[in-house]
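Okay, so here's the structure we're looking at.
The values are calculated or read from the model by the stated rules, or taken from the named source; none is laboratory data. Computed from a prediction, not measured in an experiment: that's the story for all the values here. We place every Cβ from the backbone using ideal geometry, glycine too, and count neighbours over all the protein chains shown. SASA here: full protein model, heavy atoms, side chains in, ligands and nucleic acids out. Shrake-Rupley method; radii C 1.70, N 1.55, O 1.52, S 1.80 Å.
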Amino acid sequence: MRREFMVPDDAADDPADDARRRLLRDLHDGLGPALAAIALGLRAARHLAAHDPAAAGPLLARLEEEVHTAVSDVRRLAAGGCPAVLARLGLAGAVRAHVASLADRHPVRVDVRCEGVPELPVSVQVAAYRIICEAVTNVVRHAGARHCSVRLRFDGCLHVEVVDDGVGLVPGRGVGVGLGSMRDRAHEVGGTWRVEHAAAGGTRIAADLPLAGGV
């Protein structure tokens, strides 16, 4: 399943087109990873139905709940609200819940570390959560990785890091929709974002999100 939303280059000159671009980005960043996780779960459930039918039932029940959550998020998106899981669990809990929902659906081991992260402005939480979900989804679907590390650290600024040991960056490939959306998320709260080769191979995505830009 390929997620791609195209917006004309001149859209930024029109407020209506700017709002449309934001909506498309929210669909890409929010609903996209959720549906990708559900698709992975359905693939796993199909395998279990053939080889371990008793285990397929609980997975299908979780997938049903995830569909209901996705529907709720569409409604919140239409109303301009933050993701339901963020409102319910906070940033660290929402990230762990997203990673946990993927745990039995792919071979990539994803570790999450949170260091001294306090209550944050909603805009900063949303930016960090969307960046992490998009980054982890890319790792699971495209990187060919065995391990992924997600780190949240706070020292007056929220530092977000996602590192994998996969195939790494493709030379000559520009910033696509997903990477561009992560960059925009960081910039909108006054932060910075970068993607680079990881020291031990693979890819490192890092964002520094100051609280001054959040509301």
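Quick check: is even one residue across the range 161-181 touching a residue at least 40 places away in the same chain (Cβ under 8 Å), over 13 Å from the mean Cα position of the chain (by Cα) and not in a helix (DSSP H, G or I)? Scanning the range 161-181 turns up at least one residue that is touching a residue at least 40 places away in the same chain (Cβ under 8 Å), over 13 Å from the mean Cα position of the chain (by Cα) and not in a helix (DSSP H, G or I).
Cβ-Cβ distances below 7 Å connect the following pairs, each with a first residue in the range 18-43 that is over 13 Å from V177 (Cβ atoms) and modelled with pLDDT of 65 or more, a second residue that is among the polar types (S, T, N, Q) and open to solvent by 20 Å² or more (accessible area, probe 1.4 Å), and a separation of six or more residues or different chains: A37/S101. Does the range 126-143 contain at least one residue that is surrounded by fewer than 23 Cβ atoms within 10 Å (Cβ to Cβ), of a type in the set (G, A, S) and either assigned to a loop (DSSP other than H, G, I, E, B) or in contact with a helix residue (DSSP H, G or I) (Cβ under 9 Å, 6 or more places away or on another chain) (or both)? No, every residue in the range 126-143 fails to be surrounded by fewer than 23 Cβ atoms within 10 Å (Cβ to Cβ), of a type in the set (G, A, S) and either assigned to a loop (DSSP other than H, G, I, E, B) or in contact with a helix residue (DSSP H, G or I) (Cβ under 9 Å, 6 or more places away or on another chain) (or both). Residues of the range 158-215 that are modelled with pLDDT of 85 or more, surrounded by fewer than 14 Cβ atoms within 10 Å (Cβ to Cβ) and among the charged types (D, E, K, R): R194, E196. Restricting the range 66-115 to residues that are at pLDDT 75 or above, among the basic types (K, R) and in a helix (DSSP H, G or I) leaves a set whose member that is most open to solvent (accessible area, probe 1.4 Å) is R88.
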